[in-house]
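Q: Handing you this structure, nothing more for now.
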Amino acid sequence: MKNLIMIVTVFIFCTVFKAQQTEVSVIKYEELEKRIQQEKDKLLVVNFWSTTCGPCVKELPHFMEINSKYADNQKFKMILVSLDRLADKERVLKFIKNKNLTAEVLLLDDIKRMNTWIPRFEKDWDGNIPVTVFYKNGAKFHFNDGEMSKEDLEKTIKENLQ
């Protein structure tokens with residue numbers, strides 16, 4: 001009986017509190033592009049950030065609040081793409097834990113080719129972060145260059161989530 005109670009308690013805890021990532025997938029641009037296309041049936045929010053970027057760190061709590069709000073919506077997905085160096089992977093993992101990031105985090109290890117892949121996301125993107133790209137049905141519909149307020153983030157999602 002004790003084992004059953006323990007199993008039920010763990011199950012409830014895991015369903016109520018989304019578990020943080022304990023590992024970060026390291027990807028190249030092509031893999032990120034495929035990952036975005038895998039979510040073509042959803043409203044997808046892709047945020048490019050870094051642990052060393054002040055405005056990025058400042059806006060992440062808003063993103064986590066919105067991510068939690070829509071976590072049960074099957075038509076919504078948020079991905080945080082870290083542009084930290086591969087050598088800083090452990091720092092990214094600690095940051096995920098310390099900041100309680102619940103959205104999926106990917107580490108884009110493709111800095112050498114950034115002049116190739118940045119314009120594929122947005123022709124006018126100068127490479128600065130934070131940047132947030134919104135997709136619906138696999139197509140980009142909004143590009144936000146710079147820090148995004150909680151109100152603008154939620155408005156963009158609400159207006160496009162069906």
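Q: Considering only region 95-138, how many residues are over 14 Å from Val81 (Cα atoms), outside any loop (DSSP other than H, G, I, E, B) and either touching a strand residue (DSSP E or B) at 6+ places or on another chain (Cβ under 7 Å) or touching a residue at least 40 places away in the same chain (Cβ under 8 Å) (or both)? Spell out the reasoning first.
A: Taking region 95-138 first, the residues over 14 Å from Val81 (Cα atoms) are 97-100, 112-113, 115-116, 119-120, 122-126, 135-138.
From what's left, outside any loop (DSSP other than H, G, I, E, B): 97-98, 112-113, 115-116, 119-120, 135-136.
When the remaining residues are screened for being either touching a strand residue (DSSP E or B) at 6+ places or on another chain (Cβ under 7 Å) or touching a residue at least 40 places away in the same chain (Cβ under 8 Å) (or both), the result is 97, 113, 116, 120, 135-136.
Of the residues in that region, 6 qualify.
Q: Okay, next question. What are the residues in region 21-44 that are under 17 Å from Asn67 (Cα atoms) and touching a helix residue (DSSP H, G or I) at 6+ places or on another chain (Cβ under 7 Å), if any?
A: Scanning region 21-44 gives Gln21, Leu43, Leu44.
Q: Which of the residues belonging to region 107-162 are surrounded by fewer than 16 Cβ atoms within 10 Å (Cβ to Cβ), among the β-branched types (Val, Ile, Thr) and under 25 Å from Lys94 (Cα atoms)?
A: If the condition is that a residue be surrounded by fewer than 16 Cβ atoms within 10 Å (Cβ to Cβ), among the β-branched types (Val, Ile, Thr) and under 25 Å from Lys94 (Cα atoms), then Ile111 is the only one that fits.
Q: Looking for whichever is touching a helix residue (DSSP H, G or I) at 6+ places or on another chain (Cβ under 6 Å) and either modelled with pLDDT of 95 or more or surrounded by fewer than 12 Cβ atoms within 10 Å (Cβ to Cβ) (or both) here; the options are Ile66, Ile79. Which one fits?
A: Of Ile66, Ile79, the one residue that is touching a helix residue (DSSP H, G or I) at 6+ places or on another chain (Cβ under 6 Å) and either modelled with pLDDT of 95 or more or surrounded by fewer than 12 Cβ atoms within 10 Å (Cβ to Cβ) (or both) is Ile66.
Q: Quick check on region 27-63: of everything there that is open to solvent by less than 40 Å² (accessible area, probe 1.4 Å), modelled with pLDDT of 95 or more and part of a loop (DSSP other than H, G, I, E, B), which residue is nearest to Leu161 (Cα to Cα)?
A: Once the filter is applied, the top-ranked residue is Ser50.
The values are calculated or read from the model by the stated rules, or taken from the named source; none is laboratory data. None of the values given here were measured: they were computed from a predicted structure. Cβ: placed from backbone, ideal geometry, glycine included. Neighbour counts: every protein chain shown. The protein model used for the area step is the full one, side chains on, heavy atoms only, and it has no ligands, DNA or RNA in it. Shrake-Rupley method; radii C 1.70, N 1.55, O 1.52, S 1.80 Å.
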